[in-house]
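Q: Please read through the structure below; I'll follow up with questions.
Just so it is clear, none of the values below were taken in a lab; they were calculated from the coordinates. As the structure is a computational prediction, the values presented were derived from the model and not from experiment. Don't worry about glycine lacking a Cβ; one is built from the backbone with ideal geometry, like all the others, and counts go over all protein chains shown.
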Amino acid sequence: MKGVLLVNLGSPDSPTPKDVKKYLGEFLMDERVIDVPKWARTLLVKGIILNTRPKVSAKAYSKIWWEEGSPLIVLSERLENKLKKEVKVPIALAMRYGSMTIKKGLQNLVDLGVDEVLIIPLYPQFAMATTETILELSKELIDKFFPNLNLSNLPPFYNDPDYIKVLSSTIKASLEGKKYEHLLFSYHGIPERHIRKSDITKSHCKIDKSCCITPSEAHKYCYKHQCLEVTRLVGEELGLKESTYSTSFQSRLGFDPWLRPYTDRTIERLGKEGTKSMAIVTPAFVSDCLETLEEIAMEGEEIFHEVGGKYFTTIPCLNDNPDWVSLLAKWIKEWSSQ
């Protein structure tokens, strides 16, 4: 029997420093998130970050925490429940980090009689720290605990025409009646070295303005190219003028070069240049989370107002939008009928 495992990033169990520290420890010790030798990663994470960041992050989580729990978890569960009404195959939900483990999700499916599972990483674009780490851990768990389980996965869907239409329609609906002079597409940032490490040609990616628009096999695993493609395709779908929208990258960590331009500095620049109204969408996420609800909707708006901006509109992620649910259901039905 076939079954589906939805996998999102994860969340602390509560917005307390203790739970946030536990969550961050697991997340940041992942070799595909901080991709340095283990001794250096251990020194950085356990020796420095976990001694300072949990209190700051806990405060941020507290600002966005819902009565039902973590927004990312709650929204992912709503998506799961709506999908179960649309498809006949068993569906389970897991997180890459935290207590809702991939192992538990796979076990839930196996207990229902599933012997063939489709992993759906809930990320439109490929990245080492998202899609790759989910799939590699899933393979390890299946080899170790579920040897009779066959695995397949939904590939990145960043340029799928139906996805672009759903994303575009949600943006259009969110902006109806709103004032905005500029639409900013903000994606989660990653270190530039991740782009080079993911380059299967070992020569194409230069992190410049040309390689992302020059056709190459490298684009299959190039996060930056895939982000820029989402922006370009949505811009075309909505008929936007080139001067009215742009791309940036948020959530950088440490001192290594990360993908540019940075979102916070872009918001600041737009305000200083005289932009009075802007909107921002975050297409690297399908579920609203700390990075969208606190970093963008709160910190981003504060930056914009400090430099003279007046109207700041945050566009929600796809979450459990009916059109998004229908599209996921379509992909699952296509897979399950093969």
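Q: Compute, for segment 6-89, the length of the dipole vector about the Cα centre, with Cβ point charges of +1 (Lys, Arg) and -1 (Asp, Glu) only. Units Debye, rounded to 20. Mind showing how you got there, number by number?
A: Working: 16 positive and 11 negative charges, 34 e Å.
It comes to approximately 160 debye.
Q: Could you please rank HIS188, HIS305, placing first whichever residue has the fewest other Cβ atoms within 10 Å of its Cβ? Don't skip to the end; give the middle numbers.
A: Details: HIS188 26, HIS305 13.
Fewest-to-most Cβ neighbours within 10 Å comes out as HIS305, HIS188.
Q: Where the only charges are on Cβ atoms (+1 Lys, Arg; -1 Asp, Glu), what is the dipole of segment 161-314 about its Cα centre, to the nearest 20 debye? It would help to have the intermediate numbers written out before the result.
A: Details: 21 positive and 23 negative charges, 107 e Å.
Roughly 520 debye for segment 161-314.
Q: For helix 17-28, what angle does its Cα long axis make with the longest principal axis of the chain, in degrees from 0 to 90 and rounded to 10?
A: So the inclination is approximately 80 degrees.
Q: Related question: By DSSP, what percent of the beta bridges with both residues in the chain are antiparallel, rounded to the nearest 5? Don't skip to the end; give the middle numbers.
A: Working: 2 of 33 bridges.
Roughly 5 percent of the beta bridges in the chain run antiparallel, per DSSP.
Q: So for the chain, considering every pair of alpha-carbon atoms, how many percent are separated by more than 29 Å?
A: Values: 22563 of 56953 pairs.
Roughly 40 percent, rounded to a whole number.
Q: For segment 161-314, what Kirkwood radius comes out of the mean inverse Cα-Cα distance, in Å? Could you put the intermediate results ahead of the total?
A: Details: mean 1/r = 0.0618 Å⁻¹.
Here the Kirkwood hydrodynamic radius works out to 16.2 Å.
Q: Ok, one more. Non-local amide H neighbours of ILE91 (under 5 Å, H modeled in plane, Pro and chain starts lacking H): which ones?
A: Residues meeting the amide H criterion: VAL4.
Q: Can you show me the helix-derived [θ] at 222 nm for the chain, built from DSSP H runs with n ≥ 4 at -39,500 (n - 2.57) apiece and divided by the number of residues, rounded to the nearest 500.
A: One gets -12500 deg cm²/dmol as the mean residue ellipticity at 222 nm.
Q: Something else: Determine ³J(HN,Hα), in whole Hz, for all residues of segment 41-51 in sequence, where each value follows from phi through the Karplus function 6.51 cos²θ - 1.76 cosθ + 1.60 and θ = phi - 60°; x replaces Gly and Pro.
A: In residue order, the calculated couplings are 5, 5, 4, 5, 6, 7, x, 10, 4, 6, 8 Hz.
Q: Turning to a different aspect of this structure: Of VAL56, VAL20, VAL234, which is the most mobile in a GNM of the chain whose springs link Cα atoms less than 10 angstrom apart?
A: Among VAL56, VAL20, VAL234, the largest mean-square fluctuation in the Gaussian network model of the chain belongs to VAL56.
Q: Here is a follow-up. In debye, nearest 20, what is the charge dipole magnitude of the chain about its Cα centre with +1 on Lys and Arg Cβ and -1 on Asp and Glu Cβ, if you could check?
A: On the way: 45 positive and 45 negative charges, 111 e Å.
So the dipole magnitude of the chain works out to roughly 540 debye.
Q: Also, I was wondering about something else. Non-local amide H neighbours of TYR187 (under 5 Å, H modeled in plane, Pro and chain starts lacking H): which ones?
A: Residues meeting the amide H criterion: SER248, PHE249, GLN250.
Q: Turning to a different aspect of this structure: Can you tell me which aspartates and glutamates have their Cα less than 20 Å from the Cα of LYS330? Leave out same-chain residues fewer than eight positions away.
A: List returned: GLU77, GLU80, GLU86, GLU116, ASP160, ASP162, ASP320.
Q: Bin all alpha-carbon pair distances of segment 99-138 at 5 Å intervals from 0 and give each bin's fraction as a whole percent.
A: Bin by bin from 0 Å, the calculated values are 6, 21, 28, 23, 15, 7, 1.
Q: If you take every DSSP beta bridge whose two residues both sit in segment 161-314, what share of them, in percent to the nearest 5, is antiparallel? Display every interim value, and only then the final one.
A: Details: 1 of 16 bridges.
Around 5 percent of the beta bridges assigned by DSSP in segment 161-314 are antiparallel ones.
Q: For the charge dipole of segment 82-213, defined by +1 on Lys and Arg C-beta atoms and -1 on Asp and Glu C-beta atoms about the Cα centroid, which residue among TYR158, LEU175, MET100 has the Cα displaced farthest towards the positive pole?
A: Of the listed residues, the answer is LEU175.
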